[in-house]
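No value in this document is a laboratory result; all are computed from the given coordinates. Quantities reported herein were computed from a predicted structural model and do not represent experimental measurements. Note that we place each Cβ from the backbone using ideal geometry, even for glycine, and neighbour counts take in every protein chain shown.
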Amino acid sequence: MTQFSALQRSETELFPQETTDREASNQRRSLQTPGSIRFFDYRPTPADVRAEVLEGLGRPAKRLSPKLFYDQRGSQLFDAITELPEYYPTRTEIGILREYGSEMADLIGRDNVLIELGSGSSLKIQTLLAALQPSVYMPVDISKEHLLESAHALAERFPGLSIRAACADYSAPFKLPMEPDWTDLAAFFPGSSIGNFDPDDARLLLGRVAELLGTGGRLLIGVDLPKDPAILNAAYDDAQGVTAAFNLNLLTRINRELEGNFDLDAFTHRAFFDTDSSRVEMHLVSRVEQRAEVAGSTFDFRAGETIHTENSYKYGIDHFHRLAGDAGFVAEQVWTDKQGLFSVHCLRVENGSAG
């Protein structure tokens, strides 16, 4: 039994180590917003974030999770990245959704509960909602402000749509505000966000999604394809420096939320494609030998030492289908753009307990 199946029966089973008071607090953080929107706040606690940051910086090879990018400013910067000429994934994926949206709706079905992981600005789902016509739309994102803003924008554009917005970290087992009588479920996971997970973690996440959806449920997922390294390097290190600002904003957030004293001028952005692992890596590079403090702990940096902040794996179609198959899915259809830059897959849960 995975965490998702437990959630559909009892939210308290999901985090047995937490107290009843904490669970009650989470329930109180469910907010009824105007119109057809309900908001559920399941964000990690400040203590959870602090522990994760300190653990990552304390490693011999320092590392921070890319989910930490997405405070309000980070989400705004990422939206700006998606509009850059070098950053092909967003416009290419939207083009695929627009061209093949009716086919996707025919496969996924209509009038179901549609869950979107990593909804962000909800730009992509807008191209599908009219065709899919879900009974409930549930965007899930770690940035509260961004989530609420996009939910309200969707409510204005689709006034009859019931929206349950869940602020949560979907990179680990998490809560969703499910109803026991919801049996017809589908999920949308755009943006090649699955590429931010190492393959083993990607398999675990897909397995949890398969368990959530149940046998026969469908997942529509965007996957970036391998390509010329020059295209990839430019996409993650743009000429205007927006991606660099996005990466450095992570240190700004740590300074603000965890009493850090990082000198942003002492770090620089680096991104490159590693052919052997078929992934783009993003790092923050220490320009000089230095020391930084975070939440009362001290961390030393050598000149040239890095904090590894993100991976973005690129999967060929067959490779991704094998990964999805290991998680309990079978591929039904795949769509690509004419240049072969990006792919969108419709997966069906064949075995909802494989993950």
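Quick notes on this one:
- Whole-Å semi-axes of the ellipsoid equivalent to the range 125-166 (Cα gyration tensor, √5λ, descending): 17, 10, 9
- Using alpha carbons only, the radius of gyration of the range 255-355 set against its Kirkwood radius gives Rg/Rh = 1.18.
- Coordinate range along principal axes, alpha carbons of the chain, Å, largest first: 57, 53, 39
- Rounded to 5, the percent of DSSP beta bridges in the chain classed as antiparallel: 60 percent
- Signed unit charges on C-beta, dipole axis of the chain, positive-most listed residue Pro229, Tyr88, Ser162: Ser162
- Short-range pairs are left out: with C-alpha atoms under 8 Å and at least six residues apart, the relative contact order of the range 86-152 is 35 percent.
- Total formal charge among the other residues, if their Cβ is under 13 angstrom from that of Ala80, Lys/Arg +1 and Asp/Glu -1: -3
- Amide H to amide H, with H built 1.01 Å from N, Arg63 comes under 5 Å of Leu57, His308, counting only residues 5 or more places away or on other chains.
- For the residue pairs Lys67/Lys314; Lys67/Lys338; Lys175/Lys227, alpha carbon separations beyond 27 Å are given by Lys67/Lys338; Lys175/Lys227.
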